[in-house]
Every structure is written in structure tokens, then in C-alpha cells.
Amino acid sequence: VVYHSRSAADDETETQVGAARCASVGSLLEQSDFVSLHCPATPDTYHLMNADRFRQMNRHAFLVNTSRGDVVDDEALIAALDDRQIAGAALDVYEGEPSVNHRLLGRDNVVLVPHLGSATVESRVAMGRRAIANIDAFVAQQALPDRIA
């Protein structure tokens, strides 16, 4: 497992999970068979995966996006698939969501799911518990655990 992040995991964690931090996104793309995106949507991550980045990926590599739709430039992804620059993609989120670019539909090398990455019993129970904790804190006039500024 290789990863790229603004901050490195501690050495113990990297050793425990067998991971190595790449110095750049480009370095990660050049050596990965599967590229799985897990980042927020920010001005810095907008179209993080673009035509240049798809050219850095291996032709046998797959892109997996479960983060945010606008992290991937749909037009560049479609071109990379058409030109066989990458082997395929699995998407849980879409640029322009809830719409899905019709040119992604019906491809045998693309898997599309309806933004359900968090749809597990464990995740939904945890989400409910977080909501209850925030309600309890609000009623008790305490600081909200998940306050959004």
C-alpha cells in the first residue's frame, strides 16, 4: 500500500499496515494498480484527477472515487477511458451530482453506484449516535461535538 497525504502517518502505523508514503501524487499514480481517492472537495482538490494525472497512471490501473465528485474531471476521465490510458473506474460520487455524465453509462470497464459509500449498518448507527450526541449537547447548552461554523 502506498499513499499520499498532506501529513504522514506515524512510523508505527505505516509499519503495522505495510504502507509507504509517496512524496507526490504523481509518484503514487506511477506505481499504483488501484488509485482510491479519499479527500475533501476544496479548491486545491478540484479536478485533482485531470488529463495530466490520468496520463501518469498505468494503463492497467483503475480509479476508485468515493470522496467527492468534483475531485475528478469527468471529461478527462472519459477521454482516459476512451484512449485506454487507464483500465477502468469505480465511482460512488460524480461531478455535477446527482446527475451522472451519460458517457459514463453502459461501459464494461466502469462501475457506478448511487453515492452509498457510507451505507453500512455500522456507519449509519454511528451517524445516528453523533446526531444524538449533538442534540444532547445542545439541550444541555454545552459545546456541540460536531459544530459547523
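The values are calculated or read from the model by the stated rules, or taken from the named source; none is laboratory data. Treat the numbers as computed from the prediction; the structure is a model and nothing was measured. So basically every Cβ, Gly included, is an ideal-geometry build from the backbone, and we count neighbours across all protein chains shown. Accessible surface is based on the protein model in full, side chains and every heavy atom, while ligands, DNA and RNA are left aside. Shrake-Rupley method; radii C 1.70, N 1.55, O 1.52, S 1.80 Å.
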| Correct choice for Rg/Rh (Cα atoms, Kirkwood Rh) that was computed from the model, options (1) 1.05; (2) 1.03; (3) 1.00 | (1)
| remark: Per-residue ellipticity at 222 nm attributable to helices in the chain (runs of n ≥ 4 DSSP H, -39500 (n - 2.57) apiece, nearest 500 deg cm²/dmol) works out to -9500 deg cm²/dmol
| said: On a full-extension model of 0.36 nm per residue, what is the gain between GLU97 and SER27, subtracting their alpha-carbon distance, rounded to one decimal in nm? | reply: 22.3 nm
| field | FRET efficiency, 1/(1 + (r/R0)^6) with R0 25 Å, evaluated for ALA51 and ASN134 via beta carbons | value | 0.05
| query | Residue separation times 0.36 nm, minus the C-alpha to C-alpha distance between LEU116 and THR13: what's the value? | reply | 34.3 nm
| message | To test your reading of the geometry: what angle, between 0 and 90 degrees and rounded to tens, separates the Cα axis of helix 121-139 from the longest principal axis of the chain? | response | 40 degrees
| Once fully extended, how much extra length lies between THR66 and SER5, figured as 0.36 nm per residue of separation less the alpha-carbon to alpha-carbon distance? | 20.4 nm
| Of PHE34, GLY69, ASN134, which is farthest along the charge dipole of the chain in the positive direction, counting Lys and Arg as +1 and Asp and Glu as -1 at C-beta? | ASN134
| request: Take the alpha carbon atoms of segment 3-26, find their center, do the same for segment 64-78, and report the distance between the two centers in whole angstrom. | output: 23 Å
| note | Hydrodynamic calc, segment 43-87: Kirkwood Rh from Cα pairs, then Stokes-Einstein at 20 °C with viscosity 1.002 mPa s, so D in µm² s⁻¹ is 205 µm²/s
| task | Report, to the nearest whole %, how much of the accessible area of segment 70-149 belongs to carbon and sulfur atoms, 1.4 Å probe, protein only. | result | 57 percent
| remark: Computed about the Cα centre, the charge dipole of the chain from +1 Lys/Arg and -1 Asp/Glu charges at the Cβ has a magnitude in debye, to the nearest 20, of 220 debye
| query | What does the charge add up to near TYR94, with Lys and Arg as +1, Asp and Glu as -1, over the other residues with Cβ less than 11 Å from its Cβ? | reply | -4
| Could you give the accessible area per residue of the chain, probe 1.4 Å, as a whole number in Å²? | 65 Å²
| task | Just order 83-95, 42-54, 61-73 by mean Cβ neighbour count inside 10 Å, highest at the front, would you? | result | 61-73, 83-95, 42-54
